[in-house]
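Heads up, the thing below is written out as structure tokens.
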Amino acid sequence: MLHPAAVEALVAGTHGDPFGVLGLHADDKHALWLRAWLPGAQRCDVIEHDSAKTLGKLEQRHAAGFFEGKLALPGPRPYRLRVTWADDTTHDIED
């Protein structure tokens, strides 16, 4: 899980390396974490790229649109994000 100060820096636009923490990353225990910056989103699910099978859900950690989740996967694989926006429309997007 990303440190709260790093989340605040991302939201404020002052993080020194946003691409170093956004997207899919393994932690020091090899767990996979996915982080996304989606202003205006109210929900974000992770789906398999080709089949659209749900792989997990990202939790909204900041109301401005920062989402994060630990994924129970054996390793990295192609994925997309299924984003539900504040107006209740849903779109599948590439991350």
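The values are calculated or read from the model by the stated rules, or taken from the named source; none is laboratory data. Worth saying up front: this structure is predicted, and the values here are computed from it rather than measured. We place every Cβ from the backbone using ideal geometry, glycine too, and count neighbours over all the protein chains shown. Calculation scope for accessible area: heavy atoms of the full protein, side chains included, ligands and nucleic acids excluded. Shrake-Rupley method; radii C 1.70, N 1.55, O 1.52, S 1.80 Å.
Values computed for the structure shown
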{"item": "Complete set of residues in the stretch 58-74 that are in contact with a strand residue (DSSP E or B) (Cβ under 8 Å, 6 or more places away or on another chain) and surrounded by fewer than 15 Cβ atoms within 10 Å (Cβ to Cβ)", "result": "Glu59, Lys70, Ala72"}
{"item": "Some residue of the stretch 41-59 being more than 12 Å from the chain's Cα centre (by Cα) and of a type in the set (Asp, Glu)", "result": "yes"}
{"item": "Positions within the stretch 33-44 being assigned to a strand (DSSP E or B), modelled with pLDDT of 95 or more and open to solvent by 20 Å² or more (accessible area, probe 1.4 Å), in sequence order", "result": "Arg35, Trp37, Gln42, Arg43"}
{"item": "Which listed residue is β-branched (Val, Ile, Thr), surrounded by fewer than 17 Cβ atoms within 10 Å (Cβ to Cβ), at pLDDT 95 or above and out of contact with any Gly (no Cβ under 9 Å at 6 or more places or on another chain), from Thr89, Thr54", "result": "Thr89"}
{"item": "Answer from His15, His30 - the residue that is closer than 21 Å to Pro78 by Cβ and assigned to a loop (DSSP other than H, G, I, E, B)", "result": "His30"}
